[in-house]
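Before we start, here is the structure in question, set down as structure tokens.
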Amino acid sequence: MDQYRQSFDDSLDKGWFILGDKVKTFEKQFAEYCGAGHCAGLASGLDALILALRYFDFPEGAEVIVPSNTYIATILAILNNGLVPVLVEPDINTYNIDPSKIEASITPKTKAIIVVHLYGKCCEMETIMKVATQYRLKVIEDCAQAHGATFKTKQVGTFGDFGAFSFYPTKNLGALGDGGALISNDSLAIDKIKALRNYGCHEKYYNNYIGINSRLDEIQAGFLSVKLPFLEEINTHKQKLATLYQEGLKTDFIKPVLQQDFKDVYHIYTVRHPERDRLRAHLLKHNIKTEIHYPVPPHQQKALKNKLKGSYPIAELIHQTTLSLPASYCHTVTEIEKVIDVMNEF
């Protein structure tokens, strides 16, 4: 807490609140942590996805492949660029996009794939990158829930063209407000993103692109620099709690799949059960609060009516049966053991 206050006071004393030294410092630190060459701090994870797509300047109506069970923000980024989302079902075991289903959805209009490392598990990026290379598709990684997750020791966000991150307060690396970032090994790409985030200009009043206002502010950047050194500790704690669930919960519950070469960071620890709503009520009776990520899949959202075509039974099954259990950095082993006991009574 003292470090947060010191960082805030420092920003207040300097009187520099937009795109100053704290943003530059955090961008360098976060790029190094991820094993990426460059980073641009932004106002939110949604803006990160929007600007990643805008960078490529795809023609209006171009298609972007995206998982059918993602959070709506991933879909909104595509629509906000005048592009067409093409939904691909997930693997029922991992909840991430099923690589074996991607190729069938590629058309001459397909320009990119957005993968989502859902719940803190990295997608099967080797297969996905092979498909993308074969069809010359750009790859954007939605890493909003996966700070620090890896596949074969390689960090999420470093497989494709861009890695998009959110620093919403509940994330494993959360700020004390909104924030986001894009990482890339392409210095010219990040240079353009930094212009796009600032009304399309590198130099004030001289605009090279049609940009937006999406800047990670100095105060949040300072907070993130304070928290970043503790990210591995946070992830390790969440992995410890996940292990308790994995080993302690009965087989009645469908637990997250464990895979060799994958380091999951459990932004969300979710189980599935056919009587999810009754289970949730049972836990609440014992003062255990849970969440549903997410109750309604994108193609059934009122806002996206007539914009998303097709039937997605796997996504629907996941959304109907998934339940997110307590698993934050603030939760203790004792608390999780209580949750396990109450669940096993169900």
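So the check is Cβ under 6 Å with 6+ separation or different chains; which pairs have a first residue in the range 172-192 that's touching a residue at least 60 places away in the same chain (Cβ under 8 Å) and a second one that's crowded, with 24+ Cβ neighbours inside 10 Å and among the charged types (D, E, K, R)?
GLY180/ASP47
Among the residues of the range 247-273 satisfying the criterion of being touching a helix residue (DSSP H, G or I) at 6+ places or on another chain (Cβ under 6 Å) and surrounded by fewer than 16 Cβ atoms within 10 Å (Cβ to Cβ), which is farthest from PHE346 (Cα to Cα)?
GLY248
Can you tell me which condition HIS202 does not meet? The list is (1) assigned to a strand (DSSP E or B); (2) closer than 25 Å to LYS111 by Cα, and all the others hold.
All conditions are met except number (2).
Related question: Give me a count of the residues in the range 115-136 that are buried (at least 21 other Cβ atoms within 10 Å of the Cβ) and either out of contact with any Asp or Glu (no Cβ under 7 Å at 6 or more places or on another chain) or not small (Gly, Ala, Ser) (or both).
Adding up the residues that qualify gives 11.
Right, another one. Out of the range 171-191, which residues are over 22 Å from GLN220 (Cα atoms) and buried (at least 18 other Cβ atoms within 10 Å of the Cβ)?
ALA189
Considering the range 275-293 alone, what residues qualify as being in contact with a helix residue (DSSP H, G or I) (Cβ under 6 Å, 6 or more places away or on another chain) and assigned to a loop (DSSP other than H, G, I, E, B)?
Listed by number, the residues that qualify are HIS286, ILE288, THR290.
Tally up the residues in the range 221-260 that are more than 20 Å from the chain's Cα centre (by Cα) and either more than 12 Å from LEU325 (Cβ to Cβ) or assigned by TED's automatic domain parsing to the domain that holds TYR168 (or both), please.
Residues that pass the stated criteria total 10.
OK, next. From the list ALA40, ALA36, ALA73, which residue is small (Gly, Ala, Ser) and surrounded by 24 or more Cβ atoms within 10 Å (Cβ to Cβ)?
Exactly one of ALA40, ALA36, ALA73 is small (Gly, Ala, Ser) and surrounded by 24 or more Cβ atoms within 10 Å (Cβ to Cβ), namely ALA40.
Take the residues in the range 293-308 that are surrounded by fewer than 20 Cβ atoms within 10 Å (Cβ to Cβ) and touching a residue at least 24 places away in the same chain (Cβ under 8 Å), then tell me which one is nearest to PRO256 (Cα to Cα).
Among residues in the range 293-308 that are surrounded by fewer than 20 Cβ atoms within 10 Å (Cβ to Cβ) and touching a residue at least 24 places away in the same chain (Cβ under 8 Å), the one nearest to PRO256 (Cα to Cα) is HIS293.
Condition first: of a type in the set (Phe, Trp, Tyr) and touching a residue at least 12 places away in the same chain (Cβ under 8 Å). Now tell me which residues in the range 213-250 satisfy that.
Result: PHE223, TYR245.
State which residue pairs qualify: first residue surrounded by fewer than 20 Cβ atoms within 10 Å (Cβ to Cβ) and inside the range 315-336, second residue β-branched (Val, Ile, Thr) in any location, beta carbons under 7 Å apart, and separation of 6 or more residues or different chains.
As it stands, the answer is SER324/ILE268; SER324/THR270; SER324/THR290; SER324/ILE292; PRO326/ILE288; PRO326/ILE336; PRO326/VAL339; TYR329/ILE234, since those pairs meet every condition given.
The values are calculated or read from the model by the stated rules, or taken from the named source; none is laboratory data. The shown structure was predicted, so the numbers you read here are calculated from the model rather than taken from an experiment. A quick note on method: Cβ atoms are made from the backbone with ideal geometry, for glycine too, and the neighbour counts reach across all protein chains shown.
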